[in-house]
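Data first, discussion second: the structure below is written as structure tokens.
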Amino acid sequence: MFTGLIRETAEVIDFTDNFLTVKSSYKPGIGDSIAINGACLTVVRKAPGTFTVELSPETQKTIATENLRGKVHMEPAMQLSDRLEGHIVQGHIDTIGTVTKIEKLANATDFYITVPAEYIKYIIPKGSIAVDGISLTVNDVFEDSFRLTIIPHTLENTLFAGYTVGRRVNIETDMFARYLYHMFSKEKPLTWDTVDAIMASY
């Protein structure tokens, strides 16, 4: 589990085949879970100042791999003793969104992000969402997109300041929204077998 609060922007050293090596001040252990741009990955190698994570074929199909270059968001898995200041983030990317509009305001910036329509049902006004691993609050939800208002602090401490229209981003919808939708969806009856299957998936 993660919080969606970025520990640092790490630097990609190499991305070849299934292996991504980043330069970071954080020193993980072999087998540790690390979120890179929001995707939960496992550390398989480490060296002074760097560590390497492995991406499965499924992960590479799901995330925006073109962003695994230059700087990336990095967050180690939370510990049970940590304060939860963002929201509960699993590191399981649901889909890829696309930045379609950016509006600069007096003291913030609005970002409009389009997602496949089937994921809108999991995105709730004033609810939580993780974009490239960052815990954010949704302001408005539309037919196939949503609006975020990013404050200067977030722009300064993440890669959002460099995002432009057309950039693809990793999207993880709120775990509880997905949970509740599956529990109460009319698409299938709610039985104890269904409840057991839901619980086993989290």
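In the stretch 21-31, what residues are loosely packed, with under 12 Cβ neighbours inside 10 Å and closer than 27 Å to T173 by Cα?
G31
T9 - would you say it is over 25 Å from S135 (Cβ atoms), β-branched (V, I, T), assigned to a strand (DSSP E or B) and touching a Lys or Arg at 6+ places or on another chain (Cβ under 9 Å)?
no
Just one of (1) in contact with an Asp or Glu (Cβ under 6 Å, 6 or more places away or on another chain); (2) modelled with pLDDT of 95 or more trips up T109, so point out which.
T109 satisfies every listed condition except (1).
Take T52 and tell me if it is without any contact (Cβ under 8 Å) to a residue 40 or more places away in the chain and over 17 Å from the mean Cα position of the chain (by Cα).
Against the criterion (without any contact (Cβ under 8 Å) to a residue 40 or more places away in the chain and over 17 Å from the mean Cα position of the chain (by Cα)), T52 qualifies.
Of all residues in the stretch 32-51, which are crowded, with 20+ Cβ neighbours inside 10 Å and in contact with a Leu (Cβ under 9 Å, 6 or more places away or on another chain)?
I34, A35, I36, N37, A39, L41
Select the strands (runs of 3 or more DSSP E) contained entirely in the stretch 107-191, then report the ones holding at least 1 residues which are touching a strand residue (DSSP E or B) at 6+ places or on another chain (Cβ under 9 Å), within 24 Å of G91 (Cβ to Cβ) and of a type in the set (D, E).
It comes to 168-173.
Based on what the data block shows, is G86 on the phi > 0 side of the Ramachandran plot and either assigned to a helix (DSSP H, G or I) or at pLDDT below 90 (or both)?
Judged against the criteria, G86 is not a match.
Condition first: out of contact with any Pro (no Cβ under 9 Å at 6 or more places or on another chain), of a type outside the set (D, E, K, R), exposed (fewer than 14 other Cβ atoms within 10 Å of the Cβ) and under 26 Å from G166 (Cβ atoms). Can you find one or more residues in the stretch 86-97 that meet it?
no
The values are calculated or read from the model by the stated rules, or taken from the named source; none is laboratory data. Because the structure is a prediction, the values reported are computed rather than measured. As a convention, Cβ positions derive from the backbone with ideal geometry for all residues, glycine included, and neighbour counts pool all protein chains shown.
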